[in-house]
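Heads up: the structure comes next, in structure tokens.
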Amino acid sequence: MLKVGVLGAGHLGKIHLRLLNESTEYDLIGFFDPDAENGEKVAAEFGYTYFENIDSLMDEVDVVDIVTPTLSHYECAKKAMEKGKHVFIEKPITNTLKEAEELLIIEDVNKVKGQVGHVERFNPAFISVKSNIKDPMFIETHRLAEFNPRGTDVPVVLDLMIHDIDVILSVVNSEVKRINASGVSVISKSPDIANARIEFENGCVANLTASRISLKNMRKSRFFQRDAYISVDFLEKQVEVVRMKDAPEKPGEFDMILQNAEGDKKQIYFENPEILNTNAIQDELETFAAAINNNSTPVVTLKQGTQALNVALQVISSFKN
């Protein structure tokens, strides 16, 4: 079992602590939180060991799980990797692109592994259809959330939209060509609603919408490709796969047949992939343990986290144009 320590005991940090404590892959040594009062409260309530010093915790573990505010990700990860520790970093990887690029160098120099917490990659609905998503040419995403003061210290692009940016980059095998975006601040000092159009070199276009002042929560993505329409509901963990194939000469009574202006006939049929009942956060943490133990590549590398951050920052910078 890998000895692990958690930095940060806020809302998400407590979830990580619970899952790591239950995991058969990790031995939870303890946690650090800069707010000593909160740290002692969490330790008393759940029985985890609270370390008052970040270095003393790092010295006792193999893996450092960073669930602190984004502004501190770089310093925490740098310190951990320079001590030879593997790091799991919640998204976004860092606050700036320069910081993320420096972490890539530090990771390589110290021969450690890093993974970024882009949890939607582990959503069981997305996993059930990912192999079906091949060369999508149009993608549409909506990620809407009810207002929550937690997270408003960063633009909605880094808070919410970056989830969809990472998912899109994982299925579109092409470089970004052009980005156009707009953002509006309603309650926060940074944009609360944003829309981005990302064009790729291969012709694929992605239209992303994110809001943190919606009346209801929604996390849906739709992928359109030559032979299929694939819909993923990340929130409800549901999928819809609609495919087309050449129609048979003698269609069945209940076959759905479409005919275009040229007379070509296509049959519409539906697929129902099996969606497993899994915990995405637990899976991302345990696949990282497997990558360390097997000396394999993590599912979401620091490089991929850097690429997602790069696109997200380009979206934000295009607000001004």
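The values are calculated or read from the model by the stated rules, or taken from the named source; none is laboratory data. This one's a predicted model, so the numbers in the text were calculated from it and none came from an experiment. Cβ coordinates were reconstructed from backbone atoms using ideal geometry, including for glycine residues, and neighbour counts include every protein chain displayed. All accessible areas refer to the heavy atoms of the entire protein, side chains included, with ligands and DNA or RNA removed. Shrake-Rupley method; radii C 1.70, N 1.55, O 1.52, S 1.80 Å.
Summary table below
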{"quantity": "Test result for Val186, surrounded by fewer than 21 Cβ atoms within 10 Å (Cβ to Cβ) and modelled with pLDDT of 95 or more", "calculated": "no"}
{"quantity": "Subset of the stretch 32-63 [over 15 Å from Arg18 (Cα atoms), in a helix (DSSP H, G or I) and acidic (Asp, Glu)]", "calculated": "Glu37, Glu40, Asp55"}
{"quantity": "Residue that is closer than 23 Å to Leu302 by Cα, at pLDDT 95 or above, polar (S, T, N, Q) and in contact with a helix residue (DSSP H, G or I) (Cβ under 9 Å, 6 or more places away or on another chain), where the choices are Ser170, Ser211", "calculated": "Ser170"}
{"quantity": "Residues satisfying the stated conditions in the stretch 97-118, i.e. open to solvent by 30 Å² or more (accessible area, probe 1.4 Å), touching a residue at least 40 places away in the same chain (Cβ under 8 Å) and not charged (D, E, K, R)", "calculated": "Leu97, Leu104"}
{"quantity": "Boolean, Arg143 is in contact with a helix residue (DSSP H, G or I) (Cβ under 6 Å, 6 or more places away or on another chain), in contact (Cβ under 8 Å) with a residue 24 or more places away in the chain and of a type in the set (Lys, Arg)", "calculated": "yes"}
{"quantity": "Any hit, the stretch 264-273, residues being under 29 Å from Phe200 (Cβ atoms), modelled with pLDDT under 95 and touching a Leu at 6+ places or on another chain (Cβ under 7 Å)", "calculated": "yes"}
{"quantity": "Residues within the stretch 189-205 that are basic (Lys, Arg) and loosely packed, with under 13 Cβ neighbours inside 10 Å, tallied", "calculated": "1"}
{"quantity": "Where Pro92 falls short, out of the listed (1) part of a helix (DSSP H, G or I); (2) under 25 Å from Val156 (Cα atoms); (3) in contact (Cβ under 8 Å) with a residue 12 or more places away in the chain", "calculated": "(1)"}
{"quantity": "Filter result (of a type in the set (Phe, Trp, Tyr) and at pLDDT below 95) within the stretch 286-321", "calculated": "Phe319"}
{"quantity": "Residue satisfying condition, being open to solvent by 70 Å² or more (accessible area, probe 1.4 Å) and either aliphatic (A, V, I, L, M) or at negative phi (or both), within set Leu208, Leu144, Leu169, Leu215", "calculated": "Leu215"}
{"quantity": "Number of positions in the stretch 35-55 that are at pLDDT below 95 and surrounded by 13 or more Cβ atoms within 10 Å (Cβ to Cβ)", "calculated": "0"}
{"quantity": "Total residues in the stretch 265-310, condition more than 27 Å from Ile93 (Cβ to Cβ), open to solvent by less than 70 Å² (accessible area, probe 1.4 Å) and under 22 Å from the mean Cα position of the chain (by Cα)", "calculated": "2"}
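One line per residue, one yes/no per condition, for (1) at pLDDT 95 or above; (2) touching a helix residue (DSSP H, G or I) at 6+ places or on another chain (Cβ under 8 Å); (3) assigned to a helix (DSSP H, G or I):
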{"site": "Val116", "(1), (2), (3)": "yes, yes, no"}
{"site": "Glu120", "(1), (2), (3)": "yes, yes, yes"}
{"site": "Ala125", "(1), (2), (3)": "yes, no, yes"}
{"site": "Ser128", "(1), (2), (3)": "yes, no, yes"}
{"site": "Ser131", "(1), (2), (3)": "no, no, yes"}
{"site": "Ile139", "(1), (2), (3)": "yes, yes, no"}
{"site": "Asn148", "(1), (2), (3)": "no, no, no"}
{"site": "Gly151", "(1), (2), (3)": "no, yes, no"}
